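Report on one structure; see the data block that follows.
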Amino acid sequence: MGTYYHPAKVRRFGDGLSWHLVHTIIARFISHENNAGDQGAPMRQSRKFKLHYLFTFGAALLIGLATEANAQKKYDPGATDTDIKVGNIMPYSGPASAYATIGKTEAAYFSKLNSEGGINGRKINFISYDDTYSPPKTVEQARKLVESDEVLLIFNPLGTPGNTAIQKYMNTKKVPQLFVSTGAAKWNDPKNFPWTMGWQPSYQVEARIYAKYILQNYPGKTIGVLYQNDDFGKDYLIGLKDGLGDQAKKLIVIEAPYETSSPTVDSQVVQIKGANADIFVNIATPKFAAQAIKKVAELNWHPVQFLTNVSGSIGGVIKPAGYENSQDILSTAYLKDPKDAEWKNDPAMNEWRAFMTKWYPEGDLDDAATVFGYGVAKGLEQVLRQCGDNLTHENVMKQAASLDFEIGIYLPGTRIKTGPNDFAPIEQLQMMRFKGESWERFGPVMSGERGT
């Protein structure tokens, strides 16, 4: 009589994972043994021992295979074998709608990636909602993305007020709030907010660079400040005063806040001119920054002007304000300006131009915001590629905190670098001055840290 076994016994070990391989090995062994005939009790005992050995070997093999498979693929909500859900919040309408092109650029970039097979074989499902630059709406959209859409992370949500409103929620939920589109210093706080990380240089760092430049080149000159009355504007103001040090109280003769709900900032500019300020520091988002530049010209006022880099877009701010009104305005840069002739044949910028032509043809090639969106989308691509098949919230943050690479659309010398205690990917800036129809960079690339 031949030896008999039941394949279900093998199936239990591996829950179906490659159990047919062991089934085949054992079946061949039994066929061989049966063909050998019945050669007495000692031989039957030998066959039983061999069969027991094969079952043990098969079980060990299947457990090993199952363990390896589990180690290779780990998913939190928002990730599967076929796609990755990425959430985003942008002001597609409202007072900061000039930034909407960032979200549109990112959507176009992920469409491009998907057409090329996605990231590690997975397509990006990019879900982007409008918050009208209103913090209560930001909270609503963040909850929708996390609790209803179940995204793996919220990527590059724009605006300091909105990101401030959702920061505690995102950290309580332990869902990455990754590469936020705002330069507030608070995003570099891994100890207290390990699920939130910034991207661009900090507003305070930028403002300290302006302060240093003022002290070196315009000693004793008085300063008037227009600033948005929220965390965005106040962060710049903190950096400016910090950089001016003991001279801040003497040099800053007026601080004029404005609300994003205001139709214009004309009255604030008139106030600042009336205070006889020699230097005008324009801490405003694009719509209001352009208004302020135009009003300065209308008043026939000629102060030294500083403009934040978040409003340095030629297409979004300078053109609407007027090239003639914008001459000699000072700002900082970390991106390559698409209008700068220096980058006309730059390989990375040509790659960006080809992307825009094919994937976002309605986008403005003069608007640096599209370059920004392209660059930060590449940053997320790098993080997700590093994640491999371990697409958990924890590993997303782990990989985001282990970056050390370059993206060609940033100025030479700019490196994307993070660490477990450093959640500030980009820290370098360079001064620039507006001349003719483009920005001209000058001086060294600086970090703007205290004491530098």
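Scanning the stretch 297-334 for residues that are without any contact (Cβ under 8 Å) to a residue 12 or more places away in the chain and either among the aliphatic types (A, V, I, L, M) or not in a helix (DSSP H, G or I) (or both) yields N300, H302.
Taken over the stretch 262-292, the criterion of being out of contact with any Gly (no Cβ under 9 Å at 6 or more places or on another chain), in a loop (DSSP other than H, G, I, E, B) and closer than 11 Å to Q228 by Cβ is satisfied by S262, V265. D346 meets all of the listed conditions (1) within 20 Å of Y410 (Cβ to Cβ); (2) in contact (Cβ under 8 Å) with a residue 40 or more places away in the chain; (3) outside the structural domain of Y374 (by TED's automatic domain parsing) but one, namely (3). When N309, N282 are checked against the criterion of being closer than 20 Å to I223 by Cα, touching a helix residue (DSSP H, G or I) at 6+ places or on another chain (Cβ under 9 Å) and at pLDDT below 95, N309 stands alone in meeting it. Listed by first and then second residue, the pairs linking a residue in the stretch 237-252 that is buried (at least 16 other Cβ atoms within 10 Å of the Cβ) to a residue that is among the basic types (K, R), with Cβ atoms under 6 Å apart and 6 or more places separating them unless they lie on different chains, are G239/R208; G243/R208; G243/K212.
Cβ-Cβ contacts under 9 Å between residues 6 or more apart (or on different chains), taken from a first residue in the stretch 381-407 that is touching a residue at least 60 places away in the same chain (Cβ under 8 Å) to a second residue that is in a loop (DSSP other than H, G, I, E, B) and among the β-branched types (V, I, T), are listed as L391/T80; H393/V175; A400/T418; A401/T418.
Checked against the criteria, G315 does not count as modelled with pLDDT of 95 or more, farther than 20 Å from F110 by Cβ and more than 22 Å from the chain's Cα centre (by Cα). So is K249 over 27 Å from the mean Cα position of the chain (by Cα) and in the same structural domain as A277 (by TED's automatic domain parsing) or not? For K249, the condition - over 27 Å from the mean Cα position of the chain (by Cα) and in the same structural domain as A277 (by TED's automatic domain parsing) - is met.
Within the stretch 263-289, the set of residues being touching a residue at least 24 places away in the same chain (Cβ under 8 Å) and of a type in the set (S, T, Y) comprises T264, T285. Counting only helices (runs of 4 or more DSSP H) that sit wholly inside the stretch 203-254, those with at least 2 residues that are hydroxyl-bearing (S, T, Y) and in contact with a helix residue (DSSP H, G or I) (Cβ under 8 Å, 6 or more places away or on another chain) are 203-217. Note on the stretch 207-233: residues that are out of contact with any Phe, Trp or Tyr (no Cβ under 9 Å at 6 or more places or on another chain) and of a type in the set (G, A, S) total 2. If you go through the stretch 96-113 one residue at a time, do you hit one that is touching a residue at least 60 places away in the same chain (Cβ under 8 Å), over 18 Å from the mean Cα position of the chain (by Cα), crowded, with 18+ Cβ neighbours inside 10 Å and closer than 24 Å to P263 by Cα? Scanning the stretch 96-113 turns up at least one residue that is touching a residue at least 60 places away in the same chain (Cβ under 8 Å), over 18 Å from the mean Cα position of the chain (by Cα), crowded, with 18+ Cβ neighbours inside 10 Å and closer than 24 Å to P263 by Cα. Taken over the stretch 185-194, residues that are part of a loop (DSSP other than H, G, I, E, B) and either surrounded by 23 or more Cβ atoms within 10 Å (Cβ to Cβ) or among the acidic types (D, E) (or both) amount to 1. Only one of the numbered conditions (1) in contact (Cβ under 8 Å) with a residue 12 or more places away in the chain; (2) at negative phi is not met by N217, and that is (1).
The values are calculated or read from the model by the stated rules, or taken from the named source; none is laboratory data. It should be emphasised that the depicted structure is a prediction, and the values quoted were computed from it without experimental measurement. No Cβ is skipped: glycine too gets one built from the backbone with ideal geometry, and neighbour counts run over all protein chains shown.
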